[in-house]
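One structure below.
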Amino acid sequence: MSSEPVLGLRENARQFALLVLLTAFVGMMVGLERSTLPLVGEADFGVGSSTAVLSFIVAFGAAKALTNLGAGALAHAVGRQRLLVAGWALALPVPLAIALAPSWGWIVAANALLGVNQGLTWSMTVLMKIDLVGPRRRGLALGLNEAFGYGGVALGAALAGALASEFAARDAIAYSGLAIALAALAISALLVRDTGAHVELEQGEGGEAPSLGKAFALVSLEDRGLRACAQAGLVNNLNDGLAWGLVPLYLAAHGASLGEIALVAALYPAVWGAGQLLTGWLSDVLGRKPPIVAGMLVQAAALGLLAASGGTVALAALAAVALGIGTALVYPALIAAISDRVEPIARATTVGVYRFWRDSGYVAGALLAGVLADIVGMSAAIAAVAALTAASGLVVFVELPGHGSDVQTNNRRETSWQVLEGS
């Protein structure tokens, strides 16, 4: 890599490839839990309530959401690479805590720390890729990022399920997780370079990073396009929280084996990940709005099928594939849409606020799915989330201005940036 910063995917191929690899490791860390940990709560610790079992996702989502918020604000001042290294250092105790946990409360605490790890590492790899490639290939870069990240989730889920068939489930998570965290920490500390100079190059003269308060108000309330993206991100991860925590219990309650549960748990992020190799690029061509709206409606249909499946593994697998397709359409386009509407120097803080709302969806999903499952049953809980997802897609259709990324990019200086500047 040249000492002088240059924007572009090809020009920064080595650093981009390292960040893609790290994103896959980030995904694997959380994927290790997807096929096994909800069942560990019942089998190892005797946790009977769906709400109580899903408490580990609440802790994870809350910690990750708050870390996203802080990481976005700190990235400009502290540096992306330093926060990336800190995130991987914090991952090291997580596998050990899961392996040695004497109670379910330890598992919940370990997942709060995992949320901090995910908030720092995934936020920084996302931002650094956007920084490197510049605006023309933003959707493609984000598609590659999320493809490898959720490919890692799928690989981790499949690996943990396979190992749990031979060894204790917690041992499978612990040893695999420790190996991943050590490798990622070494790569982050020794090989990855900070991308602050690339941000300055894209920004040019003038401008300063907005305060966290200004960015929070902009994304949450003041800009209708950013607000629409934030609520869609929240509902999307609400779905993911349900798929992570409730679906293994739902399938197990209908007699599915651990291997079958692992298959369904891996299919969803595998399709989600692989699909983004296409959908990120597609959002550069078609614009951000069409894939977001279509993706939310496909997710709603997938959840409706899952609710009606009665726990049949074949139908659940088909629903997992459809849910992955819908999420692949939505995920890279949402972050690209957020980045389109603000200046480069405001990107870290604004994306951090968006990711705060998006990952708050884990908290909402775990609580909503758990409470509804305990009150009205698992099928009804899944159906309720399907209806909410369809409504979220309609909000984006109405509220997100424009139809293409070119419209959003060209208009960003007259919309969101003026709000940040207080004009």
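Counting only residues that are within 14 Å of residue 70 (Cβ to Cβ) and in contact (Cβ under 8 Å) with a residue 60 or more places away in the chain, how many does the range 212-225 have? Walk me through it before giving the result.
Initially, the range 212-225 is screened for residues within 14 Å of residue 70 (Cβ to Cβ), giving 212-213, 215-216.
Now restrict to residues that are in contact (Cβ under 8 Å) with a residue 60 or more places away in the chain: 212, 215-216.
The number of residues fulfilling the criteria is 3.
With respect to residue 146, determine if the residue is surrounded by fewer than 22 Cβ atoms within 10 Å (Cβ to Cβ) and among the acidic types (Asp, Glu).
Criteria not met by residue 146.
Take the residues in the range 313-355 that are assigned to a helix (DSSP H, G or I) and of a type in the set (D, E, K, R); name whichever of them is nearest to residue 71 (Cα to Cα).
355
Of all residues in the range 365-423 being in a loop (DSSP other than H, G, I, E, B) and among the small types (Gly, Ala, Ser), which is modelled with the highest pLDDT? Even if it seems obvious, please write down each step before you answer.
Our first condition is that a residue be in a loop (DSSP other than H, G, I, E, B); within the range 365-423, this holds for 377, 400-404, 415, 422-423.
Those left that are additionally among the small types (Gly, Ala, Ser): 377, 402, 404, 422-423.
Numbers: 377: 90, 402: 70, 404: 47, 422: 40, 423: 32.
Among them, the one singled out is 377.
Which is touching a residue at least 24 places away in the same chain (Cβ under 8 Å) and either under 16 Å from residue 126 (Cα atoms) or in contact with a helix residue (DSSP H, G or I) (Cβ under 7 Å, 6 or more places away or on another chain) (or both), of 286, 306?
Matching residue, one of 286, 306: 306.
Taking the stated definitions as given, is residue 271 buried (at least 24 other Cβ atoms within 10 Å of the Cβ), under 28 Å from residue 317 (Cα atoms) and β-branched (Val, Ile, Thr)? Full working, then the answer.
Values: buried (at least 24 other Cβ atoms within 10 Å of the Cβ): no; under 28 Å from residue 317 (Cα atoms): yes; β-branched (Val, Ile, Thr): yes.
The answer is no for residue 271.
From the list 163, 155, 142, which residue is over 26 Å from residue 277 (Cα atoms), in contact with a helix residue (DSSP H, G or I) (Cβ under 9 Å, 6 or more places away or on another chain) and among the aliphatic types (A, V, I, L, M)?
163
Only helices (runs of 4 or more DSSP H) wholly contained in the range 178-263 count here; list those with 2 or more residues that are modelled with pLDDT under 90 and either in contact with a strand residue (DSSP E or B) (Cβ under 7 Å, 6 or more places away or on another chain) or closer than 30 Å to residue 32 by Cβ (or both).
The helices (runs of 4 or more DSSP H) meeting that bar are 224-253.
The values are calculated or read from the model by the stated rules, or taken from the named source; none is laboratory data. All of these numbers come straight from a predicted model, not from anything done at the bench. In this analysis, Cβ positions are derived from the backbone assuming ideal geometry, glycine residues included, and neighbour counts consider all displayed protein chains.
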